[in-house]
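Laboratory data are not the source of any read-out in this text; all were calculated from the coordinates shown. Fair warning: this is a prediction, and the values are worked out from it, not measured in the lab. A quick note on method: Cβ atoms are made from the backbone with ideal geometry, for glycine too, and the neighbour counts reach across all protein chains shown.
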Amino acid sequence: MSEATKLYMEEAKRASYGHKLRQMQELALRDPENFWSDIARNLYWFKTWERVLEWNPPFARWFAGGLINASFNCLDVHVKTGNRNKVAIFWEGEPGDRRVLTYLDLWREVCKFSNVLKDLGVKKGDRVAIYMPMVPELPVAMLACARIGAIHSVVFSGFSSEALAVRIRDSGAKILITADGAYRRGRIVQLKKTADEALAKIPSIQNVVVLRRTGSDVEMKEGRDFWWDDLMRENSLNSQAVPLESEHPLYILYTSGTTGRPKGVVHDTGGYLVWLYVTMKWVFDIKPEDIYWCTADIGWVTGHSYVVYGPLLHGATSVMYEGAPDYPAPDRWWEIIERYSVSIFYTTPTAIRMHMRFGEDWARRHDLSSLRLLGTVGEPINPEAWRWYQKVIGGGRCPIVDTWWQTETGGIMISPAPGIELVPLKPGSATLPLPGVHAEVVDESGKPAKPYEKGYLVILGPWPGMLTTLWGDPESYKSIYWSKFGQNNLNFYFDPPAVYYTGDYAMKDDDGYIWLLGRADEVLKVAGHRIGTTEVESALVMHEAVAEAAVTGKPDPVRGETIVAFVTLKPGFNPSDSLRTELIRWVGKTVGPIASPSELYFVSKLPKTRSGKIMRRLLRAVVSNMPLGDMTTLEDETSIKEAMEAVDLLRKAMGMGELESQL
Ligand code: PRX
């Protein structure tokens, strides 16, 4: 028995709760081969794996030798086992239109669309870019790719043409699937037009499939662009799911990091599906009779894992909603919960805080008694919002699962697990790691931090849902995630050992509960969306007037954080309110509206170290009215004085509200 296993067993004996959880944790660690095999056997494999894990740190082959297909596991197994008429998706469009898709309906659409892809020349391993609104055809397109072994790369429909182009170019996709438009807050978002702007910059796309959603007038390029329904009409249902190697990439999903370019996170098929299957059980305690609703957009990882693959693997009934949470009125979500008798509801702290602001009357108008479990994801939840969520939405009777994970982890890692055993909840803590997740908080030198000491959250890898690489860049995969820490005093369960760096600060309390304390790197979390400061800076310096830019985050009571930018101008350009507005709009256009700064300041120089590195930490302190801390490495103190004056001046001149309404 390893040291680590002994430690766990001792801890389990001492604890007054969590025995079952710790027992499973211990089992996962003592005998991973059997532990993961037992779970993986719940899925359908065309050929059973030969080894649960082949581990050449940091490269893992989970369920090596196994053959599996995601689309088959999400659809065919249910269609074949008597669940064919069970509802897979209750869909509601923003304008109020509704659709109900059974597993059979979904299977038919997916089979047909996989034939459309084949006709367009898509083969196993080809990348397919998807840029669509939250309509059932989005999961259909993803599952159709998975059926034939094509790798989907979904790009959030709120991204701009430039952001779309960067992602398509990096993935080398040859097909794009999009829609004529999307509904958002009563308006039509012109998706096809944005896609066309992107395509002008990337000749690799051979064909575009366009779904008719809004009926807007769009340009269709002869020979390149086809309507979804025209192609579907001609196609048959005859499509066998292709047996794929367990490590075959299921998808690429771009996410922000500390560089100006987004990173293409790659997930495999077998390990990822096993992780989703089991976390749906452990965390959401999913049952056949549940009506499950995860409000995430499929353009983000939460949507991939817990709108599409996770629930479908379980043959669950889900709700899917297209539009804004407060359209046409702030009770839209509560109305939907009542209409479909939703029992499990999974959303973000930002959304909860937004609804808190609208007031509880909106929720009180609706019968929410069907709810039995609530979840949150994407950012730390403040205890006040946690309590409101539990009382007003959960009626005081629903546990809240605060789930910590990342695009890279594939699925939930740290969370209460009522499907195993509900431990006492502490508002603001994601509680304990799930079985098989070996999370640790370490100090700068990589040694375990003491209780209540702030440190870096690391995972002593590997785990089945993990990313397998970064698309086209295995070196960065190694250096970004697996190189920061050594193996100081850590107990590893897998040999050879490896430490995965999450980029998050955290601390453990006396009970071993983990408290997430925000990002430790240059990544912001704005309304739960992950935005790299360097991405926004790169966008700003692309503008002709900007010489240099520094971007940081400022705490925000609703959105968690908002973006604040400092810019220096090139000779010949002068600060003005109109230039400020133009630059803010420019970022919105270049990256996407979610990345627009809420405040932008003109300065003559940025605070830098003697070696020329921008000290964003100081700017963060300035915009948040926090103590500046250590300034010894600052080259020129007047730069920080200037930044303070600029912030003071503008904030005095116009309240935040005015600044925002100006846009
Ligand atoms: O900082 C953590 C925060 O979101 C980051 C991951 O972002 P992304 O890859 O976009 O995935 C979001 C959805 C899984 C993490 O590094 N985060 C996520 N969940 C939580 C959280 N912070 C605190 N508490 C959480 N429950």
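A few points about this structure:
- Segment 552-589 and segment 245-304: distance between their alpha carbon centers, rounded to Å: 33 Å
- Evaluating 6.51 cos²θ - 1.76 cosθ + 1.60 at θ = phi - 60° for every residue in segment 524-534, the Karplus couplings come out as 9, 10, 9, 6, x, 7, 8, 10, x, 4, 5 Hz, glycine and proline recorded as x.
- Exposure proxy for LEU628, LEU618, LEU434: other Cβ atoms within 10 Å of each Cβ, ordered fewest to most, give LEU628, LEU618, LEU434.
- Remark on segment 277-319: Rg and Dmax equal 9.4, 27 Å (Cα only).
- Sequence of PHE284, PHE72 once ranked by neighbouring C-beta atoms within 10 Å, starting from the fewest: PHE72, PHE284
- Reported to the nearest whole Å, the Cα centre-to-centre distance from segment 429-493 to segment 78-110 is 39.
- The loop-placed trypsin sites (Lys or Arg not before Pro) in segment 165-213, going by DSSP, that have at most 16 neighbouring Cβ atoms within 10 Å of their Cβ come out as ARG185, LYS201, ARG212.
- Nearby aspartates and glutamates by direct alpha-carbon distance to LYS20 (threshold 13 angstrom, same-chain neighbours under 8 apart not counted): GLU11, GLU421
- When its C-alpha radius of gyration is set against 2.2 N^0.38 Å (N residues), the chain gives a value of 0.94.
- Violating pairs (Cα-Cα greater than 23 angstrom) within the set LYS124/LYS287; LYS86/LYS118; LYS47/LYS80; LYS263/LYS450; LYS450/LYS525: LYS124/LYS287; LYS86/LYS118; LYS263/LYS450; LYS450/LYS525
- Segment 519-663 - convex hull of alpha carbons, volume per residue in Å³: 110 Å³
- The chain - percent relative contact order, Cα under 8 Å, separation 6 or more: 12 percent
- Over 24 Å (Cα to Cα) - which of LYS447/LYS478; LYS426/LYS554; LYS123/LYS589 fall in this group: LYS426/LYS554; LYS123/LYS589
- With contributions of -39500 (n - 2.57) from each DSSP H run of at least four residues, the per-residue ellipticity at 222 nm computed over the chain stands at -9000 deg cm²/dmol.
- For segment 522-653, the dipole from Cβ point charges (+1 on Lys and Arg, -1 on Asp and Glu) about the Cα centre works out to 240 debye, to the nearest 20.
- Under Karplus coefficients 6.51, -1.76 and 1.60, residue-wise ³J(HN,Hα) of segment 356-368 in Hz, glycine/proline x: 4, 5, 5, x, 6, 4, 4, 6, 5, 5, 10, 7, 9
- Tail fraction, Cα-Cα pairs, segment 594-640, threshold 18 Å, whole percent: 30 percent
- On a per residue basis, the convex hull of the C-alpha atoms belonging to segment 347-477 measures out at 149 Å³.
- Excluding same-chain neighbours fewer than eight residues apart, the lysines reachable from LYS570 by a Cα-Cα span under 19 Å are LYS605, LYS608.
- Residues with amide H under 5 Å from that of GLY375, placed H, sequence gap 5 or more: PHE345, TYR346, THR347, VAL401
- Percent of beta bridges antiparallel (DSSP, the chain, rounded to nearest 5): 60 percent
- Ranking of THR533, THR347, THR81, THR581 by count of other Cβ atoms within 10 Å, fewest first: THR81, THR581, THR347, THR533
- Within segment 72-164, antiparallel bridges make up roughly 55 percent of the DSSP beta bridges whose residues both belong there.
- Distances between placed amide hydrogens fall under 5 Å for THR562 paired with LYS554, ASP556, all partners being 5 or more residues away or on another chain.
- The antiparallel fraction among DSSP beta bridges confined to segment 522-653 stands at about 80%.
- Put simply, the amide H of LEU211, placed in the peptide plane, has neighbours under 5 Å in THR178, ALA179, ASP180, TRP228, leaving out anything fewer than 5 places away on its chain.
- Backbone geometry of segment 499-508 corresponds, through the Karplus equation with coefficients 6.51, -1.76 and 1.60 at θ = phi - 60°, to 3J(HN,Hα) couplings of 10, 8, 8, 7, x, 10, 8, 7, 9, 10 Hz, x marking Gly and Pro.
- The trypsin sites (Lys or Arg not before Pro) of segment 438-520 that DSSP puts in a loop, and whose beta carbon has at most 14 other beta carbons within 10 Å, are LYS454.
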